[in-house]
Amino acid sequence: MFSERALDGELAAVRDAYAPGAVVLDCERDFETLSPEHREDLLLLVDDLTPHEYDDAWLPEDSPELLRQLASTDFVVGMPGDGAVAWTTQTDPPLVFVKARIEGTPADFADFLVAEALVEAGLGLPEQFLGFFEAEYPEFAAAVDGGPAAAYQLGAAVATAFRGLHTRAEFETWDADFPRLYDAWIDAGERVEPRLDGLAGELAHGETSFSDAAELACSAVKHEGDVPAPFAALDSPAFRRHGATYAVTWAQKVFDAE
């Protein structure tokens, strides 16, 4: 199921700088939750494995089952739609999982995704959005129109933006020390710009849902460029400082204005 991925050059240097000791694993298949047998496989590679504990009280009564898994004893590593690379600090040392869906991804961008995971793990950012919101999630979910699934999708996007504010500050400094990874970050940002340019119009004409637009806009926060309203308010120092409290107020203002 798992094999250690050898790192060298800039990727090895990023690991040394941000998450010394972290282990990067290639995975035979895609997954979000690991079964007990695969946990045993991981215990051969790490010193300790302790699933995060999320309080049931942080969940609204109508929360989707996928979200309830986070507050169970399941060992969750990523959620559907999270992409080809996931990380966890539920182990000592931290692990980065390169899932099977990475196949076909250009090599430089794949390396950037691994580097991003190492940075996020090393900075101690919230691994899942429930860990970002904690007890404030019910208030956030109550503010979002569209029901529990829309709140779930938007909450995950908002937490992505929060992580992006922190990682962007790191990526911006990489041109000298990690030029290949820096160029991959710049290239990814340039590729997403045309999609952002048309996003406000798509929302206005009902061509995309608010939650889908949020996923794109919030994922772009880690890049340099203009994030369209109303998501631009999440690309701010105030959000970085105040976190979940700011996100709740933002959601209340956005949906009260509709």
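The values are calculated or read from the model by the stated rules, or taken from the named source; none is laboratory data. Values in this document were obtained by computation on a predicted structure and should not be read as measured data. Cβ placement follows ideal geometry from the backbone for every residue including glycine, while neighbour counts extend to all protein chains displayed. What goes into the accessible areas is simple: the full protein's heavy atoms, side chains included, and nothing from ligands, DNA or RNA. Shrake-Rupley method; radii C 1.70, N 1.55, O 1.52, S 1.80 Å.
Structure notes:
- Helical segments meeting 15 Å axial Cα length and Kyte-Doolittle 0.5 threshold in the chain (DSSP H): 107-123
- Each residue, residue 238 and residue 46, gets one label point 7 Å from its Cα in the Cβ direction; the gap between the two is 3.7 nm.
- Using a Gaussian network model of the chain in which every pair of alpha carbons under 10 angstrom is joined by a spring, one finds that among 164, 83, 155 the greatest mean-square fluctuation is at 83.
- Surface analysis of segment 117-162 yields an accessible area of 30 Å² per residue, using protein heavy atoms and a 1.4 Å probe.
- Extension gain for residue 245-residue 65 works out to 62.3 nm (0.36 nm per residue, less the C-alpha to C-alpha distance).
- Taking every alpha-carbon pair under 8 Å whose residues sit at least 6 apart, segment 141-257 reaches a relative contact order of 37 percent.
- Charge dipole (debye, nearest 20) of the chain; +1 at Cβ of Lys and Arg, -1 at Cβ of Asp and Glu: 300
- For residue 219, the accessible surface of its heavy atoms amounts to roughly 40 Å² (probe 1.4 Å, protein chains only, rounded to the nearest 10).
- Ranking 228, 33, 114 by Cα position along the charge dipole of the chain, where only Lys, Arg, Asp and Glu carry charges on their C-beta atoms, puts 228 farthest toward the positive end.
- Max mean-square fluctuation residue, GNM over the chain, Cα-Cα springs under 10 Å, options 43, 59, 154: 43
- Gaussian network model of the chain, Cα within-10 Å springs - most flexible of 84, 176, 214: 176
- Options 246, 192, 102, ranked by Cα towards positive dipole end of the chain, top entry (Cβ charges): 246
- Estimated D of the chain in µm² per second, where Rh is the Kirkwood radius over Cα pairs and Stokes-Einstein applies at 37 °C, 0.692 mPa s: 173
- Here segment 1-125 is assigned +1 on the Cβ of each Lys and Arg and -1 on the Cβ of each Asp and Glu. Its dipole about the Cα centre then comes out at about 220 debye.
- Size check on segment 141-257: the Cα extents along the three principal axes, sorted descending, read 45, 31, 21 Å.
- Put simply, the amide H of residue 75, placed in the peptide plane, has neighbours under 5 Å in 34, leaving out anything fewer than 5 places away on its chain.
- Stretching residue 136 away from residue 173 to a fully extended chain increases their span by 10.0 nm, per 0.36 nm per residue minus the current alpha-carbon distance.
- Of all accessible heavy-atom area on segment 141-257, the percent that carbon and sulfur account for (1.4 Å): 48
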